1. Using only Cα atoms and rounding to the nearest 10 degrees, what angle (0 to 90) does helix 498-512 make with the longest principal axis of the chain?
2. What is the extension gain from residue 244 to residue 35, computed as 0.36 nm multiplied by their sequence separation minus the C-alpha to C-alpha distance, in nm to one decimal?
3. Helix 245-262 sits at what angle to the longest principal axis of the chain, using alpha carbons and giving 0 to 90 degrees rounded to 10?
4. What whole number of Å gives the distance from the Cα centroid of segment 38-98 to the Cα centroid of segment 158-237?
5. If every alpha-carbon in segment 74-199 counts as one equal scatterer, what log10 I(q)/I(0) does Debye give at q = 0.22 1/Å?
6. Taking the C-alpha atoms of segment 314-402, how large are the radius of gyration and the largest Cα-Cα span, Dmax, in Å?
7. Evaluate the relative contact order of the chain (contact order divided by residue number), counting alpha-carbon pairs under 8 angstrom at least 6 apart; express in whole percent.
8. List, largest first, the extents of the alpha carbons of segment 419-532 along their principal axes, each in whole Å.
Ligand code: ASP
């Protein structure tokens with residue numbers, strides 16, 4: 001017996017008169033006292049079954065017992081629906097199956113929620129993910145993801161990139177997160193680390209003469225989960241030998257465009273825009289600015305040096321942005337709250353009314369000159385100020401900018417892809433009181449900045465770049481260091497001694513000493529990319545079995561405690577307070 005002749009969603013007018021079998025889930029049953037209608041759903045869509053007790057008394061009997069999400073099989077004749085019964089919003093809406101035989105293949109216990117129910121708690125959705133995944137939008141997201149991955153693979157293949165599998169049980173690969181560790185039964189007390197990325201291996205592959213490598217690589221990072229972050233995620237990971245930055249960018253732009261095309265969409269224009277990190281920070285206060293709206297930042301530091309308003313005069317950086325409307329007191333108060341959440345002390349403002357009059361508690365402290373300097377071109381506007389350390393001002397004003405972009409509906413419906421380039425090589429780690437990498441420790445130094453590594457690390461720029469789509473960081477990459485001596489200097493600047501460098505990265509340093517070609521690459525977060533393509537705000541919507549914000553997987557119940565004997569075999573003892 002064949003389970004089905006067609007997928008439910010494929011039923012069309014051309015099938016009228018044919019005898020066919022369909023199989024799937026009962027999405028909905030309507031009992032019209034006599035006639036029973038069942039919406040049958042499978043991976044192809046929905047079709048309507050009609051069970052008429054006069055035509056098929058036995059099937060009608062079975063139909064009364066069918067409940068939502070039972071798996072059923074129906075055989076019958078395809079019929080055109082009466083004109084008034086046609087459902088134009090359904091591809092199968094012109095026809096129905098007049099059922100002769102109906103079988104309940106598999107039953108379902110009472111459902112924790114209906115598959116078509118809106119606003120189900122996410123924890124419930126994840127607990128019963130197999131039901132949640134039956135929803136049309138989740139089916140669409142997983143299929144979209146598969147289409148994108150296939151398109152990317154095809155593109156990489158066509159462009160001479162070799163798919164090489166790299167180990168998941170390995171040594172720490174620093175990308176700024178904590179490692180997930182795996183104990184080793186054969187060597188108690190020793191641990192593998194799951195890779196935060198295949199970074200070191202892909203560099204080694206370049207030294208090994210592979211030329212062009214790529215992988216859809218799973219990466220593991222133990223860090224707080226957020227809307228755009230999971231413990232494990234996939235990257236389109238790639239590396240090229242003898243590349244210019246443009247070669248890397250062109251590759252990525254091609255892969256992005258191939259993904260758009262595979263989904264039948266118009267790809268973004270190439271080449272993508274570029275901004276240096278300094279420009280991005282100065283104009284948007286962010287290294288991943290959303291360019292779909294303006295609200296740019298302006299610098300006022302010089303102009304406020306001898307202001308009577310000490311908050312401005314004494315701040316290392318003063319910047320402002322102009323909102324094209326008068327904000328109310330309540331709106332200003334909520335923006336101030338937002339500023340505080342982002343580490344700001346407050347949010348000074350000037351409101352200019354229709355007549356150009358200024359309303360603000362700080363106006364009396366500001367010189368007429370200063371007020372003129374920030375006076376907006378149009379009346380009825382609000383100027384918002386940040387005054388603090390430069391990075392703190394940027395953090396607060398960019399959060400305010402993003403918030404206002406959304407709240408005031410300033411975001412235009414277009415796609416903005418952007419390369420942010422020339423990142424600083426190091427950033428200051430306040431806790432450790434030392435310089436640390438801003439990307440990863442293998443990032444190339446901008447040619448000409450080598451001496452700054454020792455003399456003024458904070459000023460040294462790198463050859464790192466990020467790809468940003470509508471304000472989301474899609475990924476990062478760089479031209480790498482291929483000179484072992486330079487690599488040592490970078491380690492040293494971060495306070496990593498020769499011995500420590502040897503112990504942690506000795507295998508890479510050795511490789512770099514054995515004829516390392518110049519190389520560089522990139523990694524793009526696939527779930528972020530797919531989420532944006534699917535129009536989702538949260539990557540959990542495109543991941544089949546994601547972790548919750550607290551780091552558990554509700555369906556399987558992982559993580560779980562492990563039995564004493566197994567731990568003992570691994571040489572592990574769990575401290576009581578951590579169990
Ligand atoms: N390994 C880096 C990352 O995972 C990407 C790269 O530099 O190629 O972010």
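1. In the chain, helix 498-512 runs at an angle near 70 degrees to the longest axis.
2. Details: separation 209, 0.36 × 209 = 75.24 nm, distance 6.95 nm.
Roughly 68.3 nm would be gained on extension.
3. In the chain, helix 245-262 runs at an angle near 20 degrees to the longest axis.
4. Here the answer is 49 Å between Cα centres.
5. -1.18
6. In order Rg, Dmax, the Cα atoms of segment 314-402 give 12.4, 35 Å.
7. Working: 1104 pairs, mean separation 74.0, N = 579.
Relative CO of the chain lands at 13 percent.
8. Ordered largest first, segment 419-532 gives principal extents of 44, 33, 27 Å.
The numbers here are math on the coordinates, done by the rules we state, and not lab data. Everything numeric in this text was worked out from a predicted model, so none of it was measured. Every residue, glycine as well, gets a Cβ built from its backbone with ideal geometry; the counts of neighbours run over all protein chains shown.
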